[in-house]
Amino acid sequence: MAQPRARILVTGGAGYIGSHTVVELVNAGYAVTIVDNFSNSSRVALERVRALVSQRAWIEFAELDLLDAAALAGVFSAARFSAVIHFAALKAVGESVAQPLRYYDNNIRGLLNLLHAMKAGGCMNIGARRRRARAGGAPARRAAPATRLASWPPATRVAAHSRATRRPPPSSVSRAPPCCVQCSPRPPPCTAAGCPRSRRRRPRAWASPTRTA
């Protein structure tokens, strides 16, 4: 019997994106443990995932909420994971505006519980997919690369990088090229006759009147 390459934990694995990810992972030779609380998914998705893969024994499931830190720690104590793919988060735009504290509590505290459990279980690899919903259009999808927790820079390095990459303020001295050969490097004001930046008023070209017989 073939052995899996490694075991990966997928939070929100019963959702739309999570279930497709589980299928691809199993087909690529990875064993998967799915964690989901079915707040925005269905058990039918798990049955369909098992029907699509050949190695059904490589798929395990734990029904729990990421807000339950004790239950989450039990998952990491029961198995050793090489990586975590995090999909478990609330994302409805209208609901997030009406219930912002619920979204902060679920998305931020749930992620912190997951990171603490990963650290205790010796798992330092995490990948996530940010799904930003936009009113009146399809959600914009952008994949975030996997990050090693051990390589996260300290606050001092982050601040130094921010200062180094910050755009310098615009100079108070104008660096515009001279408008003519008689202008100085700082153009205004120019006193050269005929210069388009000159403040002198040009004499009008009066046409001599003509009489008609």
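Laboratory data are not the source of any read-out in this text; all were calculated from the coordinates shown. Note that the coordinates shown come from a computational prediction; the quantities given were computed from them, not determined experimentally. Here the Cβ is made from the backbone with ideal geometry for all residues, glycine too, and neighbour counts use every protein chain on show.
If the Cβ limit is 6 Å and pairs must be 6+ apart or interchain, which residue in segment 35-47 that is in contact (Cβ under 8 Å) with a residue 40 or more places away in the chain pairs with which residue that is not in a loop (DSSP other than H, G, I, E, B)?
So the pair list comes out as Val35/Thr11; Val35/Ala62.
Quick check: is even one residue across segment 12-31 of a type in the set (D, E, K, R), touching a residue at least 12 places away in the same chain (Cβ under 8 Å) and either surrounded by fewer than 16 Cβ atoms within 10 Å (Cβ to Cβ) or at negative phi (or both)? Give the steps one after another, and end with the answer.
Residues of segment 12-31 that are of a type in the set (D, E, K, R), as a first pass: 24.
From what's left, touching a residue at least 12 places away in the same chain (Cβ under 8 Å): none.
No, the conditions are met nowhere in segment 12-31.
Tell me, which strands (runs of 3 or more DSSP E) lie completely within segment 11-118 with 3 or more residues that are under 19 Å from the mean Cα position of the chain (by Cα)?
83-86
If I go through segment 91-121 residue by residue, how many of them are touching a helix residue (DSSP H, G or I) at 6+ places or on another chain (Cβ under 6 Å) and either loosely packed, with under 13 Cβ neighbours inside 10 Å or within 17 Å of Val10 (Cβ to Cβ) (or both)?
Within segment 91-121, the first condition is being touching a helix residue (DSSP H, G or I) at 6+ places or on another chain (Cβ under 6 Å), and the residues that meet it are 96, 103, 113, 117, 121.
Adding the requirement that they be either loosely packed, with under 13 Cβ neighbours inside 10 Å or within 17 Å of Val10 (Cβ to Cβ) (or both) leaves 113, 117, 121.
Summing the residues that are touching a helix residue (DSSP H, G or I) at 6+ places or on another chain (Cβ under 6 Å) and either loosely packed, with under 13 Cβ neighbours inside 10 Å or within 17 Å of Val10 (Cβ to Cβ) (or both) in segment 91-121 gives 3.
Name the residue, out of Val75, Val53, Val49, that is under 20 Å from Leu114 (Cβ atoms), β-branched (Val, Ile, Thr) and either in contact with an Asp or Glu (Cβ under 8 Å, 6 or more places away or on another chain) or surrounded by 13 or more Cβ atoms within 10 Å (Cβ to Cβ) (or both).
Working: Val53 fails: under 20 Å from Leu114 (Cβ atoms); Val49 fails: under 20 Å from Leu114 (Cβ atoms).
Just a single option satisfies the conditions, and that option is Val75.
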